[in-house]
Amino acid sequence: MNSHQSAGMAVSAAPETHVGKAHGNKLAVARAVVSRLALMAFGMLSMLTLGGCEVIKGIFKAGVWSGVILVVVGIAVVGGIAAMVMKKR
């Protein structure tokens, strides 16, 4: 041991560096795993959301045609009632 180094510095410097590198590698791996999980979650969410849009599109198409039929039937009923009222006079 040199006169410039104390016993505490020589012992603590090597393990901290080694532990720091190992901790850094674990942190990098953890970040990569979290990144991949986030990407997979985004992909799953996109698939579910876009599939929902197709369902809503179908519901609105059915709703539009139901509305059209309801309006035509309503006009026919009002026209029929008006025709019966006009005949009685």
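Read-outs: derived from the displayed coordinates by stated rules, not from any lab. Fair warning: this is a prediction, and the values are worked out from it, not measured in the lab. Reconstructed Cβ throughout: ideal geometry from the backbone, glycine too, with neighbour counts over all protein chains shown.
Tabulated results
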item	result
Net lengthening on full extension, Val29/Val68 (0.36 nm per residue, minus Cα-Cα)	8.2 nm
Label point distance in nm, Leu37-Ile81, each placed 7 Å from Cα along Cα→Cβ	6.3 nm
³J(HN,Hα) computed for each position of segment 77-89 - Karplus, 6.51 cos²θ - 1.76 cosθ + 1.60, integer Hz, glycine/proline x	5, 4, x, x, 5, 5, 5, 5, 5, 5, 5, 6, 7
